[in-house]
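The values are calculated or read from the model by the stated rules, or taken from the named source; none is laboratory data. Model, not experiment: these values are computed from the prediction. Note that each Cβ is placed from the backbone with ideal geometry, even for glycine, and that neighbours are counted across all protein chains shown. Just the protein is used for accessible areas: all its heavy atoms, side chains included, with ligands, DNA and RNA removed. Shrake-Rupley method; radii C 1.70, N 1.55, O 1.52, S 1.80 Å.
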Amino acid sequence: EAAVTQSPRNKVAVTGGKVTLSCNQTNNHNNMYWYRQDTGHGLRLIHYSYGAGSTEKGDIPDGYKASRPSQENFSLILELATPSQTSVYFCASGNWGGGATQYFGPGTRLLVL
Amino acid sequence: GQQVKQSSPSLTVQEGGISILNCDYENDMFDYFAWYKKYPDNSPTLLISVRSNVDKREDGRLTVFLNKSGKHFSLHITASQPEDTAVYLCAAGYTGNYKYVFGAGTRLKVIA
């Protein structure tokens, strides 16, 4: 079973503060993804990565940065958090070949006050 | 715009009946289609998927139908059970950029 972990699981931040969400996968997957889930929108892709050192903009990248320092780790960074970034964030990993299944982490619930 | 759309935000089905969930997409380049299941406060998990060279795939009570000319795919759940109650997310992807686009989800409720 694929293993994707996220930290923290819950976070309260202040407007204008910096927030870093971390994701770790132990499956040696090349691709990693950050999504946010909001009512009425499903999962929306923020940033993704093809491997260590690569980051790509997803469909809603504004206000977010990403970092992939290694195969295992992928971080999402909110330099200046805003209340509109209050959401549940999911990290996922997968390899496109052999089924293209995405394995999701447990999610991080972020509240920006 | 919405590249992947689930037109029904909710669906209620009688126990034992067939649940039919629908998804429409816009991008001709999509070549991978999947359905994920999500319980409240849990993460999505893959139910079933197909590549664009397949029109239909069955797995137990689940069947995915792909209509490429109509840019539409659906999930049929036969013998629906109360434990099927969840949010179902459709997703389409393109092997050219390894990106997925998800629909907004359909909340299925199976009642006894």
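Observations on the structure shown:
- Condition check for B:Val13 on (1) within 14 Å of chain A (Cβ to nearest Cβ); (2) assigned to a strand (DSSP E or B): one failure, at (1).
- Residues (touching a residue at least 24 places away in the same chain (Cβ under 8 Å), among the β-branched types (Val, Ile, Thr) and open to solvent by 10 Å² or more (accessible area, probe 1.4 Å)) located in the range B:56-109: B:Thr78, B:Thr85, B:Val87, B:Thr95, B:Val101
- Checked against (1) touching a helix residue (DSSP H, G or I) at 6+ places or on another chain (Cβ under 6 Å); (2) within 19 Å of B:Phe102 (Cα to Cα), A:Lys57 passes all but condition (1).
- Looking at A:Gly42, A:Gly63, just one residue is surrounded by 13 or more Cβ atoms within 10 Å (Cβ to Cβ), without any contact (Cβ under 8 Å) to a residue 24 or more places away in the chain and away from chain B (no Cβ under 14 Å), and that residue is A:Gly63.
- Flag for B:Tyr39 being of a type in the set (Phe, Trp, Tyr) and within 17 Å of A:His41 (Cα to Cα): yes
- Condition check for B:Asp28: away from chain A (no Cβ under 14 Å), exposed (fewer than 14 other Cβ atoms within 10 Å of the Cβ) and under 18 Å from B:Lys99 (Cα atoms): yes
- Matching residues in the range B:30-54 - criterion: being out of contact with any Ser or Thr (no Cβ under 9 Å at 6 or more places or on another chain), not small (Gly, Ala, Ser) and not in a strand (DSSP E or B): B:Pro40, B:Asp41, B:Asn42, B:Pro44, B:Asn53, B:Val54
- Within the set A:Ala100, A:Ala92, A:Ala81, A:Ala13, the sole residue that is facing chain B (nearest Cβ under 9 Å), at negative phi and either in contact with a Phe, Trp or Tyr (Cβ under 7 Å, 6 or more places away or on another chain) or touching a residue at least 60 places away in the same chain (Cβ under 8 Å) (or both) turns out to be A:Ala92.
- Taking (1) within 12 Å of another protein chain (Cβ to nearest Cβ); (2) surrounded by 15 or more Cβ atoms within 10 Å (Cβ to Cβ) in turn, B:Leu21 satisfies each apart from (1).
- In the range A:25-68, the residues that are assigned to a strand (DSSP E or B) and within 18 Å of B:Gly105 (Cβ to Cβ): A:Tyr33, A:Tyr35, A:Arg36, A:Gln37, A:Asp38, A:Gly42, A:Leu43, A:Arg44, A:Leu45, A:Ile46
- One residue stands out in the range B:55-70 among those that are assigned to a loop (DSSP other than H, G, I, E, B) and under 18 Å from B:Glu26 (Cβ atoms): the one that is farthest from the chain's Cα centre (by Cα), namely B:Ser69.
Rundown of residues vs (1) over 12 Å from the mean Cα position of the chain (by Cα); (2) on the phi > 0 side of the Ramachandran plot, yes/no style:
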| residue | (1), (2) |
| --- | --- |
| A:Thr20 | no, no |
| A:Arg44 | no, no |
| A:Gly53 | yes, yes |
| A:Asp59 | yes, no |
| A:Gly63 | yes, yes |
| A:Ser67 | no, no |
| A:Ile77 | no, no |
